[in-house]
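Notes follow the structure.
Coordinate-derived values only; no laboratory data. Predicted, not measured: the structure shown is a model, and the values here were computed from it. Here the Cβ positions follow ideal geometry from the backbone for every residue, glycine too, while neighbour counts run over all protein chains shown.
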Amino acid sequence: MRQIVVLRLGHRPERDQRMTTHVGLTARAFGANGMLIAAQDMSIEKNIDDIARRWGEKFFVRSGIKWKDEVREWKGRGGKVCHLTMYGINLPDVIDDVRAAGDILVVVGAEKVPAEIYGMADWNIAIGNQPHSEVAALAIFLDRLHKGRELSRVFKGGELQVVPRERNKEVRRVSHE
């Protein structure tokens with residue numbers, strides 16, 4: 001089974017907690033298996049682990065990783081690296097090649113990413129050529145990668161589930177007896 005893992009570069013714990021949490025939540029909701037964070041931040045690991053437990057499906061988070069080593073190991077195992085950047089090749093021009101690949105490591109930055117990542121990536125992919133959020137880029141990339149199927153996926157194993165409604169909110173507790 002294909003592995004899709006997001007690598008978050010440039011996370012500054014004192015400043016980027018909310019945005020990095022949103023990267024992780026988006027990765028989980030749109031079909032990634034886990035997230036690696038270059039900076040050490042146990043609170044994000046705990047928050048996303050808690051959400052995955054309550055809302056279902058397995059999703060891992062590891063922080064404090066050495067990103068260069070992780071990219072080299074990923075490629076050494078035959079995986080491909082996609083770097084999401086506004087300076088890359090437009091997504092529609094490469095998405096079929098990405099879909100045909102096996103395991104994918106998706107790199108998203110916070111602050112300016114190290115120039116080395118452009119050379120290490122198999123694809124530098126632009127989700128539009130204008131500045132915007134890395135969360136938006138990741139959501140669009142994963143949605144296109146999965147051809148929209150993740151939007152209707154039912155997450156299994158959680159305690160909570162949203163009941164779709166035209167109006168009002170309803171969250172149901174799920175029994176696993």
Task: Arg62 versus Ser152: modelled label distance in nm, points set 7 Å from Cα along the beta carbon direction - done: 3.5
Open item on the list: Which trypsin sites (Lys or Arg not before Pro) in the range 121-177 sit in a loop by DSSP (not H, G, I, E or B) and have at most 11 other Cβ atoms within 10 Å of their own Cβ?
Closed with: Lys147, Lys156, Arg165, Arg167, Lys169
TODO: Would you calculate the separation in nanometres between label points at Asn90 and Asp69, each defined as 7 Å from the Cα along the Cα-to-beta-carbon direction?
DONE: 4.1
Open item on the list: What is the sum of charges, Lys and Arg at +1 and Asp and Glu at -1, for the other residues whose Cβ falls under 13 Å from the Cβ of Leu142?
Closed with: +4
- [ ] Note the full-extension length gain between Met42 and Ala136 as 0.36 nm times their separation in residues minus their Cα-Cα distance, in nm to one decimal.
- [x] 31.4 nm
- [ ] Quick one: how many lysine pairs does the chain have with C-alpha atoms less than 16 Å apart and a gap of 8 or more or different chains? Give me the count, please.
- [x] 5
Open item on the list: If you fit an axis through the alpha-carbon atoms of helix 67-76 and take the longest principal axis of the Cα set of the chain, what angle between them do you get, 0 to 90°, nearest 10?
Closed with: 90
- [ ] Express the Stokes-Einstein translational diffusion coefficient of the range 74-177 in µm² s⁻¹, to the nearest whole number, given a Kirkwood radius over alpha-carbon pairs, 25 °C and a viscosity of 0.890 mPa s.
- [x] 153
TODO: First check a/c for the range 8-100, with a ≥ b ≥ c the square roots of the eigenvalues of its C-alpha gyration tensor; if it is under 1.5, answer rounded, and if not, answer prolate when a/b is larger than b/c or oblate otherwise.
DONE: prolate
Task: For the chain, calculated [θ]222 nm from helices alone, where every DSSP H run of n ≥ 4 adds -39500 (n - 2.57) - done: -11000 deg cm²/dmol
- [ ] Pop out the Kirkwood hydrodynamic radius of the chain from its pairwise C-alpha distances, inverse of mean 1/r, in Å to one decimal.
- [x] 16.8
